[in-house]
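Here is the structure we will look at.
The values are calculated or read from the model by the stated rules, or taken from the named source; none is laboratory data. Bear in mind the structure is a predicted one, so any value in this text is a computation, not a measurement. Because the Cβ atoms are built from the backbone with ideal geometry, glycine has one as well, and the counts that use them run over all protein chains shown.
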Amino acid sequence: MEKFVLLDLGSNSVRLSINEQLDNGQFKEIKRLKSETRLSEGMGKSRVLQEHAMARTIEALVSFKKQYDVYGPVAVHGIATAAVRMARNQKEFLRRIKEAVGADIEVLSGDDEAYYDYMGVMEALPIRDCLILDTGGASSELIHVVDRRVAHLVSLPFGAVTLSEKYLKNDQITGKELFQLMEYLVTAFQKLEWLKEAIELPLVLLGGSNRIIGRLNRKKQKLVNTEAINGYQLSRKAVSLTFEELVGLTTKKRAQVSGIASNRADIIVGGIAPVVALGQYLNSVGVIFSESGVREGYLTTKLGK
């Protein structure tokens, strides 16, 4: 069976997905790897990818190439999201990737990223009406779904890394920092007039930080497989309690929480803040987790499923 590779350069993580095309035209993932390279670190207002972040990402891609080279010649598809999308030195970074691993990377627009999120969720969940939130490292996508069709979508210029760098600068988060962060998020949501149409709809969550909420709560409930979060549901109160617990910890203490990788401890609060603020703003009935998002949506759209 024909095999193909998808490289996903996110703002916080770079991921490898090795797939094989089945006889019926569908695809099956046979290997998945992730490296948290924090590509958007230190970009700030200059919108320049920093050398250490680029080097980490290219190193991860070289490591990934060794993994898929064992399968022989394979088609390699690459996508990049917010960090590369907004980078002033985008072309230079993509050239270095091409030299290092021979891959061409497609830089997704914000709307494309949101649309592929939608396609991924529709493949994974039978839900008809919802608001999808994908919180990445440097952007957050919102997709309003009505009767399984896109009603509205948008990509907003903030995510776990950028929010944390801008608002959460102390090891122990202060009340002032938290207030300013939540005020910023609510103001951003208020600018979207169509968002009022999603009042009391369930939120479907994507993104590494959001998925951690699911895993932490499955562990708290002593469920057998904490990783099996697709379709898992939580109340808005449960999400808020998880947020409050993490806000009360220092970065070091958050790193010791089972289910939170040590290199996410400093950005997890910034990564969860959007769903908390959005849920409160829209009085959402609860959240549903999806394991399928932009990568799966991209494969479904480009390769057919």
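The selection criterion, being assigned by TED's automatic domain parsing to the domain that holds L278 and touching an Asp or Glu at 6+ places or on another chain (Cβ under 7 Å), does not hold for E193. Candidates A273, A265, A255, A261: the one that is without any contact (Cβ under 8 Å) to a residue 40 or more places away in the chain, under 18 Å from the mean Cα position of the chain (by Cα) and within 21 Å of R38 (Cβ to Cβ) is A265.
Look at the stretch 97-113: where a residue is closer than 21 Å to R56 by Cβ and touching a residue at least 40 places away in the same chain (Cβ under 8 Å) and a partner is of a type in the set (G, A, S) and crowded, with 19+ Cβ neighbours inside 10 Å, sitting 6+ places away or on another chain with Cβ atoms under 6 Å, you get A103/G78; I105/G78; I105/A80.
Annotation for the stretch 55-75: at least one member residue is among the polar types (S, T, N, Q), touching a residue at least 40 places away in the same chain (Cβ under 8 Å) and closer than 21 Å to G159 by Cα. Scanning the stretch 80-115 for residues that are more than 18 Å from S139 (Cβ to Cβ) and of a type in the set (K, R) returns K91, R95, R96, K98. In the stretch 24-44, the residue that is nearest to T301 (Cα to Cα) out of those that are of a type in the set (G, A, S) and loosely packed, with under 13 Cβ neighbours inside 10 Å is G25.
Only residues that are among the hydrophobic types (A, V, I, L, M, F, W, C), surrounded by fewer than 17 Cβ atoms within 10 Å (Cβ to Cβ) and part of a loop (DSSP other than H, G, I, E, B) were counted across the stretch 222-245, and they come to 3.
Residue-by-condition table, conditions (1) within 28 Å of L108 (Cβ to Cβ); (2) of a type in the set (D, E, K, R); (3) touching a Cys at 6+ places or on another chain (Cβ under 8 Å); (4) modelled with pLDDT of 95 or more:
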{"residue": "A238", "(1), (2), (3), (4)": "no, no, no, yes"}
{"residue": "L241", "(1), (2), (3), (4)": "no, no, no, yes"}
{"residue": "R254", "(1), (2), (3), (4)": "no, yes, no, yes"}
{"residue": "A261", "(1), (2), (3), (4)": "yes, no, no, no"}
{"residue": "S290", "(1), (2), (3), (4)": "yes, no, no, yes"}
{"residue": "R295", "(1), (2), (3), (4)": "yes, yes, no, no"}
{"residue": "T301", "(1), (2), (3), (4)": "yes, no, no, no"}
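Residue count for the stretch 116-129 under the criterion of being crowded, with 24+ Cβ neighbours inside 10 Å and under 12 Å from L205 (Cβ atoms): the result is 2. When the helices (runs of 4 or more DSSP H) confined to the stretch 246-304 are screened for residues that are of a type in the set (K, R), those reaching at least 3 such residues are found at 251-255. Total residues in the stretch 24-81 satisfying the condition of being touching a helix residue (DSSP H, G or I) at 6+ places or on another chain (Cβ under 7 Å) and among the β-branched types (V, I, T): the figure is 6. The C-beta contact set for the stretch 173-194 (first residue within 21 Å of C130 (Cα to Cα), second residue surrounded by fewer than 15 Cβ atoms within 10 Å (Cβ to Cβ) and among the hydrophobic types (A, V, I, L, M, F, W, C), distance under 8 angstrom, 6+ apart or interchain) comprises W194/A151. Within the stretch 1-57, being over 14 Å from the mean Cα position of the chain (by Cα), assigned to a strand (DSSP E or B) and either closer than 18 Å to I105 by Cβ or of a type in the set (S, T, Y) (or both) holds for F4, V5, L6, L7, L16, S17, I18, N19, L33.
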